[in-house]
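The values are calculated or read from the model by the stated rules, or taken from the named source; none is laboratory data. Only a predicted model underlies this, so the values are computations on that prediction, with no experimental measurement involved. When we count neighbours, we look across all protein chains shown, and the Cβ atoms used for this are built from the backbone with ideal geometry, even at glycine. Accessible surface is based on the protein model in full, side chains and every heavy atom, while ligands, DNA and RNA are left aside. Shrake-Rupley method; radii C 1.70, N 1.55, O 1.52, S 1.80 Å.
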Amino acid sequence: AQSVTQPDIHITVSEGASLELRCNYSYGATPYLFWYVQSPGQGLQLLLKYFSGDTLVQGIKGFEAEFKRSQSSFNLRKPSVHWSDAAEYFCAVGGSEDSSYKLIFGSGTRLLVRP
Amino acid sequence: SQTIHQWPATLVQPVGSPLSLECTVEGTSNPNLYWYRQAAGRGLQLLFYSVGIGQISSEVPQNLSASRPQDRQFILSSKKLLLSDSGFYLCAWSGRTGPEQYFGPGTRLTVT
C-alpha cells in the first residue's frame, strides 16, 4: 500500500538550532517526493521536490532534503532555524503511473521554535 | 506566472444548506485540478481530481460533488451540508509536465 509516515507530530527546537523532520514512504514505483509548509490558516507552499538525480535537494528558505532509497526516507533539514519557520510541514509522495499526478500526504509535523 | 484563487475565504453555513466553493487558476492551460479537505489538526484528504473539462474522479464517498465547467475552473458543491463537512478546503493544480502541486489559499467552512 502507498503511504507516507511522519512519525513526529510535534517538534520543538530553539532558534538557531538545527532541524531534521522525518519522513518515510511506501510506494510501489519510482517515487516523486515533496515537502510542503503550511502556516496557520494558509495554503501549502512547496519547499522542495525530488524527482531523480542527486539525492540531496535544495529548496527555498534554506531547507534541504535527502532521498535515501534503501531506507525509504526523505528527511527535511535546516542547519539553523529561524522563528519564522514555525509552521506545519507535510511530506508527500507521488508518481507518474498515470496522468492524474495524485499525491499522498503524511499527517504533518508541527514545528515550534523557542526564542 | 501562475496563480490560483479560491473563494470565499471563509464561510459559515447551517446544516442542510447548499454549498458552492470555487477555484480558478490563471497563467496555465490544461492543468490537473484537485480538491482536498483538511480537518482540524489533521493531514490532507484528497476529495476529487480532474484531468480535463468535465472529467471528475472521486476519491472518497461523501456528501460532496465537484465539477469542472471550464479548463481552469473547479467547483466543489453540496446539496445539503452536514456538520461533518466542516473543515479547511484546499484547491490545487499541477501542470502536465510534472506532478508538483500548487495550492490555493483555502476556504474555511464551518457548518453550524
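Within the stretch B:54-72, can you find the residues that are charged (D, E, K, R) and at pLDDT 90 or above?
B:ARG68, B:ASP71, B:ARG72
Let me spell it out: the conditions are (1) over 10 Å from the mean Cα position of the chain (by Cα); (2) within 12 Å of another protein chain (Cβ to nearest Cβ), and A:TRP35 meets all of them except one. Which number is the exception?
Here A:TRP35 clears every test but (1).
Among the residues of the stretch B:73-86, write down those that are modelled with pLDDT under 95 and open to solvent by less than 20 Å² (accessible area, probe 1.4 Å).
Result: B:ASP85, single match.
Return the pair list, or none, for Cβ contacts closer than 7 Å from residues in the stretch A:46-58 that are within 14 Å of chain B (Cβ to nearest Cβ) to residues that are assigned to a strand (DSSP E or B) and loosely packed, with under 15 Cβ neighbours inside 10 Å, at least 6 apart or on different chains.
A:LEU48/A:GLN58
Sort out which residues of the stretch B:10-41 are touching a strand residue (DSSP E or B) at 6+ places or on another chain (Cβ under 9 Å), over 23 Å from B:LYS79 (Cβ atoms) and surrounded by fewer than 18 Cβ atoms within 10 Å (Cβ to Cβ), and write them in order of number.
If the condition is that a residue be touching a strand residue (DSSP E or B) at 6+ places or on another chain (Cβ under 9 Å), over 23 Å from B:LYS79 (Cβ atoms) and surrounded by fewer than 18 Cβ atoms within 10 Å (Cβ to Cβ), then B:GLU26, B:GLY27, B:THR28, B:ASN30, B:ALA40, B:GLY41 are the ones that fit.
Would you check if B:PRO14 is away from chain A (no Cβ under 11 Å) and of a type outside the set (Ser, Thr, Tyr)?
yes
Taking into account only those residues within the stretch A:90-109 that are open to solvent by 10 Å² or more (accessible area, probe 1.4 Å) and assigned to a loop (DSSP other than H, G, I, E, B), which is farthest from the other protein chains (Cβ to nearest Cβ)?
Out of the qualifying residues, it is A:GLU97.
For the stretch B:1-16, which positions are more than 18 Å from B:GLY87 (Cα to Cα) and over 12 Å from the mean Cα position of the chain (by Cα)?
Residues satisfying the conditions are B:SER1, B:GLN2, B:THR3.
Going through A:TYR32, A:TYR25, A:TYR50, A:TYR36 one at a time, which residue ends up being aromatic (Phe, Trp, Tyr), open to solvent by 40 Å² or more (accessible area, probe 1.4 Å) and closer than 27 Å to B:CYS91 by Cα?
One residue alone meets the criteria, A:TYR32.
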